[in-house]
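Below is one structure, written out as C-alpha cells; comments come after it.
The values are calculated or read from the model by the stated rules, or taken from the named source; none is laboratory data. The structure presented is a predicted model; accordingly, all values stated were derived computationally and were not measured. Ideal geometry is used to build each Cβ from the backbone, glycine not excepted, and the neighbour counts take in all protein chains shown. Note: accessible area is taken over every heavy atom of the protein model, side chains too, but ligands, DNA and RNA are not part of it. Shrake-Rupley method; radii C 1.70, N 1.55, O 1.52, S 1.80 Å.
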Amino acid sequence: MKVVIMGCGRVGASLAAMLDQEGHDVTVLDINADAFRRLPPEFKGKRQVGNGIDQDVLARIGVGEADAFVVVTQGDNRNVMAAQMAKHLFGVPRVVCRIYDPIREEIYHGLGLETISPTLVGARLLKEALEKEPLARRPAPAGSEG
Amino acid sequence: MYIIVVGGGKVGYYLAKELVEDGHEVLVIEKDGAKCERIADELGDIVLRGDGCEASTMEMAGYGRADMVIAVTGGDEDNLVTCQVAKVKFNVPRTVARINNPKNEEIFKRLGIDTTVSATAAILAQIEQELPTHPLIRLLTMKGSGLEIVEVKVPPNSTVVGKRIRDLLLPQQSLIALIIDEEGVPRVPSGDTVIQVGDRVVAVTRTETEDALRTVLVGPVAYGPISAPSP
C-alpha cells in the first residue's frame, strides 16, 4: 500500500517506521528536513521536504496515487486542511487526521473525516490507568488526629 | 449587520475600521495582545483576544448571532477552519476567507466557504492587465460558471486580419462581444464585422478554451499567460 504521512514528529516518524517495516511504500513529508532525524536508520521510504497545505507539493510527492494519507503535524488547522485536500482534491481513499482540539475533532468527524483526538484518547487512557485499582484516600500519617 | 473579523493584522484592522464607519457592529478577534491594544486604542472596545477557531472564543464572541464571519489571518489553514466551524457549528450565513495561495480558491469553494479573496490573485490580475505586450488579458472571471471575459489585441501578423467574424473558427462557447478599434471606438460586432490590425477584441470564453481562442486570434505564442486563478 502506498502511504503518505505528513508531519515527521514523534508520532509521524514512529508510524512511518512501523508501516515501512511491514513492507508498505511510505513517503514522509515535513516542512523541515531536520525532522527526518527521527526516522530510524533502516527506514527505506521516501523523505520529502515541503509544505503540505500547498496542493502543488501534495501533487509533487504523489498524493494523487496514494492509497492512504495520514496527517499528524502540530497544527490542528493545518491537519484539517491537508486532510480535506487529500480527500477532495486528490481522491485519496483513506485519510486519517489528528486533531488535538476535541471540539474541532467532533466537527470534522461529523463532516466525514476520519479523525483522532489524542487529547481525548490520552485522557481516557490515563483515567483507565488511574482506575485500575479503586481510587481511595491515602491513609492518614501515623500520629495525626482525625 | 453583526460582522466578526478574525485576524487583527493590517488587513483586519483596516477592514474593521471601514466596517465600523459603514455603521456595522464589528468584533475583531486577535491572538496577539499588542495588536489587540492597538485596535482598542484606535477603534474602541471592539476587540476580543483569543483564537478565532477555539470554541470557547467563538461562544464568547457570539458567532451564533453573527451575520458574517470574515477570516483574514495570514494562514490559509486558519481562515479555512474558522469559516468551516462558523458555518457548521454556528450556522453563520455568510463566510469570507482571505487566501494567500490563489490555488486554494477551488478547495475553499468546495468546502463551503462562500467567498474567497486573494490579494495575490488580485495583484496578478492587475499585472496581467497592465502588461501591454501580453497577447491575452483576462478581464473578469465569472465565478461558478467557468466563463471568463478576455481581451485580445490583434497583432499585425495575425491570420484573422481582414477576415469576417463569421469566417473565424472560434472554440465552442467562445463569442466575440465587443471590438474596440485603434482609435478607441467600441463596436458591437456582427458576423460581417471585419477584424483589423490593432483591434482590441473582447470575448467571452470558457477557461479551458482560453488558449485555443488566443491561438485563433494571435497565433501560437511561446509563453503562456500569467494566470490568475480560475474558479
Got at least one residue in region A:113-120 being in contact with a Phe, Trp or Tyr (Cβ under 7 Å, 6 or more places away or on another chain), surrounded by 22 or more Cβ atoms within 10 Å (Cβ to Cβ) and assigned to a helix (DSSP H, G or I)?
-> no
In this structure, does residue B:116 turn out to be of a type in the set (S, T, N, Q), away from chain A (no Cβ under 13 Å) and buried (at least 18 other Cβ atoms within 10 Å of the Cβ)?
-> yes
Run down B:123, B:137 and say which single residue is part of a helix (DSSP H, G or I) and over 20 Å from residue A:89 (Cβ atoms).
-> B:123
So how many residues does region B:66-121 have that are touching a strand residue (DSSP E or B) at 6+ places or on another chain (Cβ under 6 Å) and of a type in the set (Lys, Arg)?
-> 3
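Residues that are within 29 Å of residue B:142 (Cβ to Cβ) and within 14 Å of chain A (Cβ to nearest Cβ): find the helices (runs of 4 or more DSSP H) completely inside region B:22-107 holding 1 or more of those.
On the way: elements: B:33-43, B:55-61, B:76-90.
Per the criteria, B:76-90.
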Return the only residue of B:64, B:75, B:33 being within 23 Å of the chain's Cα centre (by Cα) and free of Cβ contacts under 8 Å to residues at least 40 places away in the same chain.
-> B:75
Within region B:49-72, considering residues that are open to solvent by 30 Å² or more (accessible area, probe 1.4 Å) and closer than 16 Å to residue B:31 by Cβ, the one modelled with the highest pLDDT | B:49
Region B:1-45, residues that are open to solvent by 40 Å² or more (accessible area, probe 1.4 Å) and β-branched (Val, Ile, Thr) | B:11, B:20
